[in-house]
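One structure is given here, and the rest of the page talks about it.
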């Protein structure tokens, strides 16, 4: 099981979505992970959050450095090539090693968005990036 810490911050939309999505994915057996405080295998740093803990791998969203960068910019490792109310297309722009050592090559990954309202693009990126790093299988797409 992997430990995940989400850095606290002011983003009131991304953080709750990210926490709900990770808990749901773990309950459904899509990833083997648990949220924790302090040192973790994966630290997720949403925009506006302070990186408050050490981790084996850091996923940053929007800005800042890290092992994996998510955003809508040119230099980001994960970005969205499209988004709509019920889904998105995630673009993995470089090779990525998951926490268990599997190699993911650059590819487009369909993402199904469940729920009444579509989340912010950065929330989708954070959740999808975390799911990939935690070992979710992208071959049939991701369900958030």
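One line per residue, one yes/no per condition, for (1) farther than 23 Å from residue 27 by Cβ; (2) modelled with pLDDT under 90; (3) over 13 Å from the mean Cα position of the chain (by Cα); (4) loosely packed, with under 15 Cβ neighbours inside 10 Å:
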{"position": "57", "(1), (2), (3), (4)": "no, yes, no, no"}
{"position": "80", "(1), (2), (3), (4)": "yes, no, no, no"}
{"position": "85", "(1), (2), (3), (4)": "yes, yes, yes, yes"}
{"position": "89", "(1), (2), (3), (4)": "yes, no, yes, no"}
{"position": "95", "(1), (2), (3), (4)": "yes, no, yes, yes"}
{"position": "100", "(1), (2), (3), (4)": "no, no, yes, yes"}
{"position": "106", "(1), (2), (3), (4)": "yes, no, yes, yes"}
{"position": "129", "(1), (2), (3), (4)": "no, no, no, no"}
{"position": "144", "(1), (2), (3), (4)": "no, yes, no, no"}
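Give region 1-55 a look and list any residue that's under 17 Å from residue 124 (Cβ atoms), in a loop (DSSP other than H, G, I, E, B) and touching a strand residue (DSSP E or B) at 6+ places or on another chain (Cβ under 7 Å), or say none.
Answer for region 1-55, where residues must be under 17 Å from residue 124 (Cβ atoms), in a loop (DSSP other than H, G, I, E, B) and touching a strand residue (DSSP E or B) at 6+ places or on another chain (Cβ under 7 Å): 46, 47.
Here is a yes/no grid of residues against (1) free of Cβ contacts under 8 Å to residues at least 40 places away in the same chain; (2) farther than 23 Å from residue 23 by Cβ:
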residue	(1), (2)
91	yes, yes
98	yes, no
107	yes, yes
112	yes, no
115	yes, no
123	no, no
133	no, no
136	no, no
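The values are calculated or read from the model by the stated rules, or taken from the named source; none is laboratory data. In this text the structure is predicted, and so the values were computed from the model without any measurement. Here the Cβ is made from the backbone with ideal geometry for all residues, glycine too, and neighbour counts use every protein chain on show.
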